[in-house]
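Let me begin by presenting the structure, written as structure tokens, before commenting on it.
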Amino acid sequence: MPTLTKGLAVFAFLAIPLCLIIALSEADRRTTLSLEAAERTSFRLAMRSHVIDLDEILTAMAKGDYDTAATIASDRMDSAGQRAHHLSDIILPGPDTPAFRETERALHNAADRFGEAARASPGSPEMRARYQELVAVCQGCHTSFRIDPGF
């Protein structure tokens with residue numbers, strides 16, 4: 001085996017475990033939301049429905065159907081309380097629940113602002129900025145919170 005190949009093999013042998021140790025030692029700094037098994041399932045379904053909502057809003061905008069995009073945000077993203085429950089109703093009381101509830105309100109408010117902008121000025125930079133704001137709230141929530149996996 002050539003010296004260079006042996007050197008690379010030794011480097012990989014030492015570097016890969018070190019990288020794994022560093023990666024595994026990096027703590028997940030998100031706030032853990034504790035849920036019972038049934039609530040965990042409901043919460044995950046609600047999160048998936050929001051992803052579908054965002055995708056359908058984006059699809060409607062791409063087709064120039066801004067009224068449909070606005071309706072999805074206003075009605076299905078629960079900004080007007082259309083769903084049977086809010087995500088925060090699923091979360092068990094705990095010290096970090098108020099922070100999650102505030103984030104949920106921010107989501108609904110961002111959905112309202114997007115819907116208003118999509119109806120008032122379809123296709124405008126304002127409407128696109130409100131969509132970006134809506135997505136940013138989603139990203140912020142997923143960056144800040146995680147659900148307890150339950151095992």
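Every number in this text was worked out from the coordinates using simple rules, so none of it is lab data. The structure displayed is predicted, hence computed values, not measured ones. As a convention, Cβ positions derive from the backbone with ideal geometry for all residues, glycine included, and neighbour counts pool all protein chains shown.
Would you kindly state how much longer the chain becomes between S121 and M47 on full extension, computed as 0.36 nm times their sequence separation minus their alpha carbon distance, in nm to one decimal?
Stretched out fully, the S121 to M47 stretch lengthens by 23.8 nm.
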Neighbourhood charge, 13 Å Cβ-Cβ cut-off, centred on R40 and excluding it, Lys, Arg +1 and Asp, Glu -1: 0
Stretch gain in nm, segment A99-R146, where the contour uses 0.36 nm per residue and the Cα spacing is subtracted: 15.7 nm
Added length on full extension, which subtracts the Cα-Cα distance from 0.36 nm per residue, Q139 to D67: 23.5 nm
